[in-house]
Amino acid sequence: MSYAIGIGFLNICLVLLLSPFLEGIIRKIRAFIHSRKGPPLKQPYYDLLKLLGKENLVVSPNFLIRWAPIVCLATILIAGLLIPMGTIRPPLSVAGDVIVFIYFITLAAVVIMMAAAASENPYAHIGASREMMMLLTVEPVIAIALITGAINAHSFRISDIVMWNLAHGPTVSMGIAGLSVFLIVQAQLGKLPFDIPEADQEIMGGVFIEMSGPKYALFKWAFLAKQVIFASLLCQVFIPWPTTFILWLDVLVNLVKVLIIVIFVCIIDVVNPRLRIDQAIKYFFIIIFVALMGLVFALVQA
Amino acid sequence: MNTIQVLIGSVLILLTGVAITAIFSSYRKICSWIAFLSMLFAAIGIGYTAVFVYLHGPVATTQPIFTISTIGASLNLRIDELSALFLTVISFIGLWATLYSVDYMSFYKKESLLRFSPFLLLFIIGMVGVVCVTDMFFFFVFWEFMTLASYLLVIFEKERKVNLKAGFKYFLLTHIGTVCMYIAAIVLWTQSKSFDFNELRGVFETYLSSGLGIVHVVLLLFFVGFATKAAILPFGIWLPDAHPAAPSGVSAILSGVMIKMGIYGLLRVFIFLCPISHATYIWGGIIAIFGTISLFVATFTALIQEDSKRLLAFHSIGQVGYIFLSLGMGIAFLPISPVISAVALIAGVYHLINHACFKSLLFLNAGSILYQTGTRDLNKIGGLSKLMPVTAATALIASLSISGMPVFNGFISKWLIFQVTILGGISHPLYIILGLFALFISAVTLASFIKFMATSFWAKTPDSLKTRTIKEVPLTMQIPQVVLAAMCIFLGVFPVVAIPILYTTAGSLGLSGYLPQLDALFRGSYLGLNTNLGEGMATTFNPFFILIIMMICTVLAYLIFKMGKSELRQVETWYCGEEHTAEEVRYKAHSFYVPFKQIFRIRIGKYWSESLYLTNIPWPKIKVPGFIKKALQIDRWFYYPLVNFVIKIFDRFSITHVGVPQVYTLWLIIGMVLAIIVLFALS
């Protein structure tokens, strides 16, 4: 029990406190590619703190607008507790499995869409509509990839999937599943070429157009946290090597892997233009079929 | 007084209610309240029966209430746990829908309540009868009772042509299904000469042991009948027209309860009557496939709907598809793996209860919108959450439930369905494919309800609504919504309460010794579910624990939110510096998900479809020969000629009317003389 609370605390710290630092590194890299100097590494923390202190503007008395950012961050934190970050068992393994994780990630997106829809702004409605279409095509990919693991391990518990993967070495099915998850991480994190629901130049931030001050800070923080969560998911569940079973070493290894993945994501983000939503949907449908291939491999082995 | 008498008493209360509401139908308020009161007392009685059955086991009548000896049919009642479950659903949803209708029916100012309240109560009686009898003949009697009463409720607003058409479609298609069931029952009857369930079970055993293919024919006919009632595509095309046509309280019962009667029949025939065999394995698979087809097609079609009640009606087909998928898997795995079968059956029945709660609630919400705005078109409404906060909040809970968001009830049953289809399907990959469809469609459901909520409750209020004074609906309409919403949350957070009840329910289908122990299925976890599917396949979900952690995280996020001590200020919507009226820039229901909807657009020749559901299937035009048409018009060849003939004869007499009094007097005298002569001649 105390162990679970301990690693739970660790996960929360990684997701909340370390995520802005990763963003700082990303900004440095992006600036390097743009041949700029870039802001200091601490800049994302300053941004968040400044946003938290700004005036809280609301356009409607609807309670959803006020509570959505808080609930969104809370759901992301729970998603962070449902996946391992350097350990085999996630801290909340007694309370939920892979499906619960998928649904909490979805719930975070739902809360954003609800806040956008409740803000009564037409740009926000367009953003919400696009966000939902992205979700419709992206969520199946994550689900199929994780189900591939579940079929291999005969269990929906993440710890069992990780243990199976460690015991059976790299397999084709898990490789394909990992690849498909990597291909949609960009969309989940709202990065180019898939930042279609926000699309600053087209629909002025879309879902976030009416979200200012502390509300935007919490949404932004949730997105930063998502970076750590998805990178961890990818490198703990699909590429769990090397695992030493020494806690501090594993956590450190995980961090290095997370950093590498985040750098990849950043480079793709910098060098790609934004796609239109219909192009994105078609692209994701292809990835769904790729992910299904992985599932077939898992079934053939079993 | 024993339990059966309590049940019969409840039905008698309902019958009395029918009579009194029929008498007082011109006093609208009194009539509605009497309907509610009789429903309330009946619900107490029925609820008592259900609880008694769960505590002390099944109850039955010792001797038949009524017998038709020539065909071997006798009216026996037997209430086991399955019946008790359905009785609970019927009385619970029926009660709140009746209370809702008290004020709601004032929406229909012209229509007489004589065509509403008595039939609503008759409808309930029909459903109670269906789940309590143990005799196929009386099963059909009550089944027809239910169908006819619901048909009359569907065409309640008979002034509108579209409703009559919908009612006719419903009537026709359900009866095609019912005819299939009649044939199946008669085939069984030829063997047993009795309609009793136990005898029919014996017939199934004989057929199976003799290896005849006729058992498949019988099961096919029953499947068509029950699938039609449960609105499984392609048999259930009556539903999207019939449910929006009915008044909203009735739509709630139709969707929440009546279509579940098809599922009741399915469970009775495919598990209780048909012994576990290869036939159940095959038919379970077929049921699951049909369920998946209908959940896929119907939910996609729901995505393009812009009429609130029609949208919900399509989701009814979709959600029943989930139930069919899960129960079908349960039936198919009976001969292979009792463990997987047990979890699948529990998941299916759980989803049935959940669907009864959230779909009834959603129909009541749509009814409240209709009551206040007078329209069902999602393009014409918006911004109602400020004006109708209770309706908006309950609709949000129901939408999250039906989309299967965690800690609401839809999540638990969907979670169980995903577990069982995917882990259970490792040996039979067909079910994994079906499970993936179910998982994907869960997101489509979410999309559809985001659209529903965003357009009806959250967008800007359109100008067309500003002329009406929209306020929250009356208290009698609020209470049912709040109660059902509370039920959605309760079933989501405390599955530990529901699971043992559902386990006994599954056991009551003649499987009590066959299914594994409850502790073996859901290994003792405090307030959570530790599913154990055998062969090391296991998984966990603990909603109560998740909820506590969720609260802690929310507090943490709230503290972060408050860290900067920012001030709250109300501002206008920002249109990027442009000046717009709300009406100009409203994002309508039609605009949602256009690129996504375009992918699933189908056009085959002149038949087109916005989604996977062909909307303009031409009805075959039958040329009726002229003489039949003439023969049917009795006025034309009998009544009018007769009347004209009589009138012509009396016209002849009109010449005697000359208008001179003396002539009339002369006629009188002649008449009198004639009369006297006749009298003398006779004497």
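Across the stretch B:180-197, coupling constants 3J(HN,Hα) worked out from phi with the 6.51/-1.76/1.60 Karplus curve, θ = phi - 60°, read 4, 5, 4, 4, 4, 5, 5, 4, 5, 5, 4, 7, 9, 6, 8, 9, 5, 4 Hz, and Gly and Pro carry x. Atom-type composition of the exposed protein surface of the stretch A:2-301 places 72 percent of the accessible area on carbon and sulfur (1.4 angstrom probe). The overall shape of the stretch B:639-682 is oblate: from the C-alpha gyration tensor, with semi-axes ordered a ≥ b ≥ c, the ratio a/c is 1.5 or greater and a/b is no larger than b/c. Counts of other chain beta carbons within 10 angstrom of each beta carbon in peptide A:176-189 average 0. Counting only protein chain heavy atoms and rolling a 1.4 Å probe, the accessible areas of B:169, A:215 rank, largest first, as B:169, A:215. The equivalent ellipsoid that matches the C-alpha gyration tensor of the stretch A:2-301 spans semi-axes of 30, 22, 19 angstrom, in descending order. From most to least packed by mean Cβ count within 10 Å, the peptides B:330-340, B:70-80 give B:330-340, B:70-80.
The candidates A:35, B:399, arranged from most to least accessible area with a 1.4 Å probe in the full protein assembly, appear as A:35, B:399.
Within the full protein context, the accessible area of residue B:29 is estimated at about 100 Å² for a probe radius of 1.4 Å. Taking all protein chains together and rolling a 1.4 Å probe, residue A:154 ends up with roughly 60 Å² accessible. Amide H contacts of residue B:586: none lie under 5 Å away among residues 5 or more positions distant or on a separate chain (H built 1.01 Å from N in the peptide plane; Pro and chain starts excluded).
The mean number of partner chain beta-carbon atoms within 10 angstrom of a residue's beta-carbon across peptide B:443-450 is 5.
Taking Cα centre as origin and charging only the Cβ of basic (Lys, Arg, +1) and acidic (Asp, Glu, -1) residues, the dipole magnitude of the protein assembly as shown rounds to 1660 debye. 3J(HN,Hα) along the stretch B:459-466: 6, 5, 6, x, 4, 4, 8, 6 Hz, from the Karplus curve 6.51 cos²θ - 1.76 cosθ + 1.60 with θ = phi - 60°, whole Hz, x for Gly and Pro. Dipole orientation for chain B: of the candidates B:312, B:166, B:454, B:166 has the Cα lying most toward the positive pole (charges on Cβ; Lys, Arg +1; Asp, Glu -1).
Taking the accessible area of the stretch B:623-683, probe 1.4 Å, and keeping the other protein chains in place, the carbon and sulfur fraction comes to 76%. In the stretch A:2-301, a dipole from Cβ-located charges (positive for Lys and Arg, negative for Asp and Glu) runs towards its positive end, and of A:145, A:260, A:109 it is A:260 whose Cα lies farthest in that direction. The listed residues B:546, A:29 rank as A:29, B:546 when sorted by accessible area, largest first, using a 1.4 Å probe. Residue by residue, the stretch A:137-150 carries 3J(HN,Hα) couplings of 9, 8, 4, x, 5, 4, 4, 5, 4, 6, 5, 4, x, 5 Hz when phi is fed to the Karplus relation 6.51 cos²θ - 1.76 cosθ + 1.60 (θ = phi - 60°); x denotes Gly or Pro. Remark on the stretch B:382-420: accessible area falls by at least 20 square angstrom from chain-alone to full-complex state for B:386, B:396, B:400, B:405, B:406, B:411, B:415, B:418, B:419, probe 1.4 angstrom.
The mean number of Cβ atoms from other chains found within 10 Å of a Cβ in peptide A:207-219 is 3, as a whole number. Cross-link check: pairs A:50/A:215; A:28/A:191; B:169/B:630; B:451/B:597; B:165/B:309 evaluated at a Cα-Cα cut-off of 20 Å; pairs beyond the cut-off: B:169/B:630. Which residues among the stretch B:289-319 fall inside the zone where the amide N is under 11 Å from a point 7 Å beyond the Cα of residue B:160, along Cα→Cβ? Correct set: B:308-310.
Residues whose amide H falls under 5 Å from that of residue A:96, counting only those 5 or more places apart or on a different chain, are B:542, with hydrogens built in the peptide plane.
Taking amide H positions as modeled 1.01 Å from N, with prolines and chain starts lacking one, the residues under 5 Å from residue B:74 and 5 or more places away or on another chain are B:68, B:195.
In the context of the full set of protein chains, residues of the stretch B:292-376 present 11 Å² of accessible surface per residue (probe radius 1.4 Å, heavy atoms only).
Distance between the modelled labels on residue B:630 and residue B:179, one decimal in nanometres: 2.9 nm (7 Å Cα→Cβ projection).
Counting only protein heavy atoms and using a 1.4 Å probe, the accessible area of residue B:572 comes to about 150 Å².
Computed over chain B, the Cα gyration tensor eigenvalues convert (square root of 5λ each) into semi-axes of 51, 37, 25 Å, ordered from largest to smallest. For chain A, the solvent-accessible area works out to 34 Å² per residue, with a probe of 1.4 Å and every protein chain left in place. To the nearest 100 Å², how much accessible surface do chains B and A hide from each other in total, with a 1.4 Å probe? Approximately 6800 Å² gets buried when B meets A.
Pair-distance distribution P(r) for the stretch A:186-280, from all Cα-Cα distances in 5 Å bins starting at 0: 3, 12, 18, 19, 17, 13, 8, 6, 3, 0 percent. Which residues, if any, in the stretch A:15-60 lose at least 20 square angstrom of accessible heavy-atom surface (probe 1.4 Å) when the other protein chains sit next to their chain rather than the chain being alone? Those are A:16, A:52, A:53, A:55, A:56, A:57, A:58, A:59, which lose 20 Å² or more relative to the chain on its own. Fully extending the segment from residue B:646 to residue B:15, taken as 0.36 nm per residue of separation minus the present Cα-Cα distance, adds 222.5 nm.
Express as a percent, rounded to the nearest 5, the fraction of DSSP beta bridges in the protein assembly as shown (both residues included) that run antiparallel. So the antiparallel bridges in the protein assembly as shown amount to around 80 percent.
Helical content of chain B, expressed as a calculated mean residue ellipticity at 222 nm, amounts to -22000 deg cm²/dmol (DSSP H runs of 4 or more residues, -39,500 (n - 2.57) each, divided by residue number, nearest 500). Using a Förster radius of 25 Å, what is the FRET efficiency between residue B:191 and residue B:63 based on their Cβ-Cβ separation? Nearest 0.05, please. The pair residue B:191/residue B:63 has a calculated efficiency of 0.50.
One equal scatterer on each Cα of the protein assembly as shown, no solvent, Debye formula: the resulting log10 I(q)/I(0) at q = 0.04, 0.07, 0.09, 0.10 Å⁻¹ is -0.23, -0.63, -0.99, -1.19.
The values are calculated or read from the model by the stated rules, or taken from the named source; none is laboratory data. Please read these numbers as outputs of a predicted model, since none were measured by experiment. Heads up, the Cβs are rebuilt from the backbone with ideal geometry, glycines too, and the neighbour counts pull from every protein chain shown. Calculation scope for accessible area: heavy atoms of the full protein, side chains included, ligands and nucleic acids excluded. Shrake-Rupley method; radii C 1.70, N 1.55, O 1.52, S 1.80 Å.
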